[in-house]
1. Kindly provide the set of residues from the stretch 320-344 that are of a type in the set (Asp, Glu) and touching a Cys at 6+ places or on another chain (Cβ under 6 Å), ordered by number.
2. Among HIS67, HIS103, which is outside any strand (DSSP E or B), of a type outside the set (A, V, I, L, M) and out of contact with any strand residue (DSSP E or B) (no Cβ under 6 Å at 6 or more places or on another chain)?
3. Yes or no: ASP403 part of a loop (DSSP other than H, G, I, E, B) and either farther than 20 Å from ALA123 by Cα or of a type outside the set (S, T, N, Q) (or both)?
4. Quick check: is even one residue across the stretch 181-191 assigned to a helix (DSSP H, G or I), assigned by TED's automatic domain parsing to the domain that holds PHE86, in contact with a Lys or Arg (Cβ under 6 Å, 6 or more places away or on another chain) and farther than 25 Å from GLU235 by Cβ?
5. Name the single residue that is surrounded by the most Cβ atoms within 10 Å (Cβ to Cβ) among those in the stretch 189-209 being farther than 30 Å from LEU386 by Cα and touching a helix residue (DSSP H, G or I) at 6+ places or on another chain (Cβ under 8 Å).
6. Have a look at PHE267, PHE242 and point out the one that is in contact with a Pro (Cβ under 8 Å, 6 or more places away or on another chain) and among the aromatic types (Phe, Trp, Tyr).
7. Return the residue satisfying two criteria in turn: it lies in the stretch 415-461 and is among the hydroxyl-bearing types (Ser, Thr, Tyr) and touching a residue at least 24 places away in the same chain (Cβ under 8 Å), and of such residues it is farthest from THR121 (Cα to Cα).
8. Return yes when ASP173 is in contact (Cβ under 8 Å) with a residue 40 or more places away in the chain, charged (D, E, K, R), touching a Lys or Arg at 6+ places or on another chain (Cβ under 8 Å) and surrounded by fewer than 20 Cβ atoms within 10 Å (Cβ to Cβ) and no when it is not.
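The values are calculated or read from the model by the stated rules, or taken from the named source; none is laboratory data. Just so it is clear, the model here is predicted, and its values are computed rather than measured. All Cβ positions, even for glycine, are placed from backbone atoms using ideal geometry, and neighbour counts span all protein chains on display.
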Amino acid sequence: MATLLVRHANMLVTMDDQRREIADGGLFIRDGFIEQVGLTSELPATADEILDLSDHILLPGLINTHHHFYQTLTRVVPAAQDANLFNWLKTLYPIWARMGPEHIRTSTKTALTELALSGCTTASDHLYLFPNGSSLDDEIHAALETGLRLHASRGSMSLGESEGGLPPDSVVDDEETIIKDSQRLIETYHDPNPGSYTQVVLAPCSPFSVTGDLMRQSAILAREYGVHLHTHLAETQDEEEFCIEMFGHRPVAYMQEVDWIGDDVWFAHSVHVDDDEIKLYARTGCGVAHCPSSNMRLASGIAPILEMVQAGVKVGVGVDGSASNDGSHLLEEVRMTMLASRVRAGLMGASLSGDDAPPLMTARQALELATRGSASVLGRGDIGSLEPGKAADFFAINLNRIDYAGGLHDPVASVVFNSPVKADYTVVGGKFIVKEGQMVTVDVPNLVSEHNKLAAQLLDA
């Protein structure tokens with residue numbers, strides 16, 4: 001059983017129940033799990049491998065609750081740069097329809113490499129179209145090679161334009177095929193055990209791209225196998241109008257109708273929800289993946305995240321698709337979570353003095369959403385904090401850099417307030433994914449070359 005000793009961190013942020021922050025702290029890790037956490041002086045003196053983190057801040061690995069890896073191939077497409085969600089989708093659907101298995105594999109490695117370099121150790125991805133023989137298997141195998149934990153969402157679209165949906169008929173599948181493949185993937189890949197690297201999620205894409213029958217069938221199948229459910233919800237006002245016209249309900253009420261409410265469900269975005277819907281989320285255990293950069297990029301709005309947190313809703317952070325964010329830097333998304341929340345507070349009157357002013361999200365709250373919060377959203381009790389018995393997933397940043405000059409009065413807050421940087425170390429299950437700022441598991445120059453070639457083919461076709 002291999003051991004790893006991490007010692008002399010300038011500051012160790014545990015995110016445990018006491019939210020301890022330990023100066024000159026460290027970890028003792030055995031066989032991929034944390035055995036001891038505390039002062040360096042209290043830890044064993046030897047191990048199979050020793051990592052000295054003097055001048056570094058050590059944090060739990062960040063957890064990404066919503067992404068679309070394949071979209072790295074269609075970043076900043078000119079025709080989609082200045083479009084809102086529905087027009088953005090209509091522009092990109094025909095391009096995505098040209099993808100094949102190699103596009104899925106390469107884009108998965110690209111997105112996960114970016115995430116690892118930003119301190120991410122677990123990512124949930126939502127893949128909902130499978131053209132030209134591609135499958136979720138392609139993504140799962142590529143993720144295993146990269147070394148990050150993956151919640152692979154078997155997405156789907158079955159409601160094409162001819163039946164009143166948004167996507168073109170060329171990218172939708174029949175529902176019998178979707179359900180059979182969903183069952184196959186769960187039985188083949190889903191691992192519910194502590195420390196698992198692959199979990200399968202059932203994820204019909206959105207209310208405007210699948211039927212109510214597929215939503216219900218997916219919920220039945222997921223609960224039969226004990227896997228989670230995920231979809232986009234309440235992202236834009238267009239979606240709200242679509243649901244009212246198509247189903248006679250607002251998006252959240254429609255989820256109730258199709259049995260998509262519960263602690264095994266999380267929704268991406270939830271920008272346009274009211275107080276009663278927030279209370280419903282809190283009461284029933286529904287989670288939310290907050291994607292602030294994407295919401296700003298597509299002019300969708302600012303989700304009431306601090307209100308959700310205060311109401312007891314499970315909230316995590318996601319970067320969203322790399323064509324609606326155009327990057328996969330999860331630490332940057334933590335910063336955007338804090339800043340977007342403050343913009344919302346300002347619009348609600350934070351300039352008021354005294355008790356009338358709404359509260360501002362703190363740096364530590366934002367970090368907690370991307371660690372403990374995201375773990376709760378994904379239903380994972382084995383990640384999200386650094387404490388005995390948890391998986392040894394962490395990242396570390398060297399504080400002795402120009403980005404933090406003059407900002408170390410509070411190094412924990414500096415990680416969020418200061419310009420986002422890349423991780424110097426990212427470790428998953430006690431194994432190095434990033435070491436001294438460089439990917440260990442991926443040949444980055446070759447990956448970039450292959451990725452750019454495939455992206456150019458998509459646009460040139």
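1. Listed by number, the list holds a single entry, ASP320.
2. Answer to the selection: HIS103.
3. no
4. Checking the stretch 181-191: at least one residue is assigned to a helix (DSSP H, G or I), assigned by TED's automatic domain parsing to the domain that holds PHE86, in contact with a Lys or Arg (Cβ under 6 Å, 6 or more places away or on another chain) and farther than 25 Å from GLU235 by Cβ.
5. Going residue by residue through the stretch 189-209, those that are farther than 30 Å from LEU386 by Cα are 204-209.
Next, from what is left, pick out any that are touching a helix residue (DSSP H, G or I) at 6+ places or on another chain (Cβ under 8 Å): 204, 206-208.
Numbers: PRO204: 32, SER206: 27, PRO207: 29, PHE208: 22.
Checking each candidate, the answer is PRO204.
6. The unique qualifying residue is PHE242.
7. Step by step, filter the stretch 415-461, then rank; the result is THR441.
8. Answer is no for this residue.
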